[in-house]
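> I'd like to ask some things about the structure below.
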Amino acid sequence: MDIRLQAVFISSGVAISLFFLRDYLLPKIKAKKEDKKQKIEVYKKYAEPLAKSAESMFWRLNEIFTNETKAKFLKRGSVITDFDNYKYVSTLYRLGSLLGWIAAIRKEQSYIRASNDSHSRDLLQALNDLEKSLADGPHTEKMRAKHLTDIWKIQARDELLMGLGSEISRIVKHELKVSNVLLMSDLSAERNLEVAKKCADYLCVELEQERIDEETLISTQFEVAKKLAIREAWIYRDWQSGIGELMLVKSESKNRTFDVIGYKEFEMMFESDDVENQKWVSRLGKLFDGVVIKDANANDMRIKQLENTYKSIAKLILTIKNSEIETGLLSEATISSAAVVEKNA
């Protein structure tokens, strides 16, 4: 090939390569870096307060599970000291604050959904796990059905117990609501027997077995009441969103769209007579009221719920710690303790 023609081909190739690099590849790489930087900045806006809030709630739960004496503030007796009342209200505030930051992230989570990096996915998974620990208790439905089938010696396949327990739970909770009591064991003997009959009839119809005779129902009604006196306080996902939104205010800072209210504002909300505020605050309180970790009532499902929440918060702390965001807020003691909790999960 003529040397001049070779020179033309080479110069053309170089020009095309330079055009590709300058006008396509480099801008694409720059845009990708800028996009990642923006995502990290948005993540950082909420990762920092989320980390601080998670750490605060983690240590309060650590105190509840490891120090029986210090956890006595959960007993809401007729006489409550100022210190115990502070510890109780601050516990509700800490959990409410955590739900508040999660609500803020959910409101701005489009940036997380748009990101395919592992840190964003890990954060969303950790938040989902925390929400699930507060909201889901299907094992309690199964437990209700298992208790009754054992008492009345009814044969039922294991895979049916969850569905059966769901309807039994509805029967029991309807009666508690109508009678305005907290537990099945708080009902009168007459109402206990009526609930036992309804549950027995339902099970026998569903499982196509002979009805339980009146004598058996009467002789077992108090055992049934005891077994069904399950205390639970699930904070359903929409309730979590409602509580979180209650905790949010528009941020005066340019860094974030939302901030969480301070302790002062929350305490005023806790002490107010406003029915709407009390409805949401009470949903936090029911999770902690009278919880006793040591020598606990096996029917108090809130203990397992709090335990799962404790583990989920530990996972969230480690997820934030392992991200590319350096919050500078998580102490070594927190990270170490969270690692131990997650390891034992």
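> Measure off, as a whole percent, the carbon and sulfur share of the 1.4 Å-probe accessible area of region 179-279, all protein chains present.
The C+S portion of the solvent-accessible surface of region 179-279 is 47 percent.
> Next up: Pop the C-beta distance of K279 and S185 into the FRET formula with R0 = 22 Å and round what comes out to the nearest 0.05.
The formula returns an efficiency of 0.30 here.
> What is the packing order of peptides 92-104, 52-64, taking the mean over residues of other C-beta atoms within 10 Å and listing the highest first?
Ranked by mean Cβ neighbours within 10 Å, highest first: 92-104, 52-64.
> If you stretched the chain out fully between S251 and E208, how much longer would it get, using 0.36 nm times the residue separation minus the C-alpha to C-alpha distance?
Using 0.36 nm per residue and subtracting the Cα-Cα distance, I get 9.5 nm.
> How would you order 277-290, 307-320 from highest to lowest mean count of nearby Cβ atoms within 10 Å?
In decreasing order of mean packing, 277-290, 307-320 become 307-320, 277-290.
The values are calculated or read from the model by the stated rules, or taken from the named source; none is laboratory data. None of the values given here were measured: they were computed from a predicted structure. Glycine also receives a Cβ, built like all others from the backbone with ideal geometry; neighbour counts cover every protein chain displayed. Accessible surface is based on the protein model in full, side chains and every heavy atom, while ligands, DNA and RNA are left aside. Shrake-Rupley method; radii C 1.70, N 1.55, O 1.52, S 1.80 Å.
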